[in-house]
Amino acid sequence: MIHFVPLAEVDADKVTPGLLGFVVFAVMAVGVWALMKSMSRHMRKVDFKEPEDPSAPEHDPAESHDPAESPTATPGPRG
């Protein structure tokens, strides 16, 4: 049986994540990277423009409605 002599004094109270912690962290990092790449690819395919509804009435910007002229408008502080 071969005994490996540590190069430095190992403290029994010192806790480190070790190789397993690094491997778990690396796998999680690669997973997040893959998910972000996939999400980016899917978001490029999305078309954000809504099709025009032919049954919707057309809105004329010249006929803007002023809420102050509305009969349901409440009077301001000047009455």
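Starting from the residue with the highest accessible area, list Ser38, Ser55 in decreasing order, probe 1.4 Å.
Order by accessible area, largest first: Ser55, Ser38.
Run the 1.4 Å probe and let me know the accessible area of Asp11, rounded to the nearest 10 Å².
Accessible surface of Asp11 is approximately 90 Å².
The values are calculated or read from the model by the stated rules, or taken from the named source; none is laboratory data. All values reported here derive from a predicted model rather than from experimental measurement. Only protein heavy atoms, including side chains, enter the accessible area calculation; ligands, DNA and RNA are left aside. Shrake-Rupley method; radii C 1.70, N 1.55, O 1.52, S 1.80 Å.
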